[in-house]
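First comes the structure, then the notes that go with it.
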Amino acid sequence: MSEERLLNKDGMGLRAVVWKCATIEEMEAEKSLIEKIAKDKMEKTIETVRASFNSVRTGRANPSMLDRVEVEYYGTPVSLKSIAQISTPDGSSLLVQPFDKSSLKAIEKAIVGSDVGLTPNNDGDVIRLNIPPLTSERKKELAKVVAKQAEEGKVAIRNIRRDAIKAYDKLEKEKKLSEDNVKDLSSDLQKVTDAYMKKIDSILKQKEEVR
């Protein structure tokens, strides 16, 4: 008969499953669960970093530049992309077509108040945004922004690894894993961590090339 207990580590929500009289099969399942949770969280971190990169303006138009814009729509903040179609008529402009034309003013206000750095042109039907070419100074600023986002992603990956190691250490203290087991698992986890670090470096390089 097994007993499950959920553990929270530094707000990461990392779970460990603790059994009474755990069998080898149960312990393997527990180790797999810890690794799976860590990998899932690392994968979500990669998605977050990629989304952050996409929201940084480059010299070429991309609908994702407006991903973080929120519009006050009938008293409720909603994402711009949920109330409008965003397209790229060409490489240097964005076209915002609201599903409800009465929201044009609110959309315009939201874009002006956001940090995208673009001036909306509202013709009463749609909003057009021209993407000016990047200056060398602006490129340097963007390089710092994406580098900071990449480092934040790496810190998150390292924190996930730390919490998984804590979960393994707890099992060792409970005499459910040997010291050698923990060393092997930690080594495997480090390889996974290194792989996700390389993923961040890869998407950072892609972002730099686009600029």
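Couple of notes before you dig in:
- The sole residue among Glu141, Glu72, Glu137, Glu152 that is closer than 23 Å to Thr48 by Cβ, over 19 Å from the mean Cα position of the chain (by Cα) and open to solvent by 60 Å² or more (accessible area, probe 1.4 Å) is Glu141.
- Residue check for Leu104: farther than 30 Å from Arg162 by Cα, out of contact with any helix residue (DSSP H, G or I) (no Cβ under 9 Å at 6 or more places or on another chain), of a type in the set (A, V, I, L, M) and open to solvent by less than 20 Å² (accessible area, probe 1.4 Å): yes
- Filter result for Arg138 (among the basic types (Lys, Arg) and without any contact (Cβ under 8 Å) to a residue 40 or more places away in the chain): yes
- Unique match (being in contact (Cβ under 8 Å) with a residue 60 or more places away in the chain, assigned to a helix (DSSP H, G or I) and not polar (S, T, N, Q)) among Ala110, Ala147, Ala167, Ala106: Ala167
- Extreme residue, farthest from Lys44 (Cα to Cα), among residues of segment 172-189 that are in a helix (DSSP H, G or I) and touching a helix residue (DSSP H, G or I) at 6+ places or on another chain (Cβ under 7 Å): Glu179
- Segment 75-85, subset assigned to a strand (DSSP E or B) and open to solvent by 60 Å² or more (accessible area, probe 1.4 Å), residue nearest to Val112 (Cα to Cα): Pro77
- Residue match in segment 86-95 (condition: surrounded by 13 or more Cβ atoms within 10 Å (Cβ to Cβ), within 18 Å of the chain's Cα centre (by Cα) and of a type in the set (Gly, Ala, Ser)): no
- The residue of segment 156-189 that is nearest to Arg60 (Cα to Cα), among those that are open to solvent by 60 Å² or more (accessible area, probe 1.4 Å) and modelled with pLDDT of 95 or more, is Arg158.
- Which listed residue is modelled with pLDDT under 90, in a loop (DSSP other than H, G, I, E, B) and aliphatic (A, V, I, L, M), from Met27, Met1, Met65: Met1
The values are calculated or read from the model by the stated rules, or taken from the named source; none is laboratory data. Keep in mind that this is a model prediction, so the values were computed, not measured. Glycine also receives a Cβ, built like all others from the backbone with ideal geometry; neighbour counts cover every protein chain displayed. The protein model used for the area step is the full one, side chains on, heavy atoms only, and it has no ligands, DNA or RNA in it. Shrake-Rupley method; radii C 1.70, N 1.55, O 1.52, S 1.80 Å.
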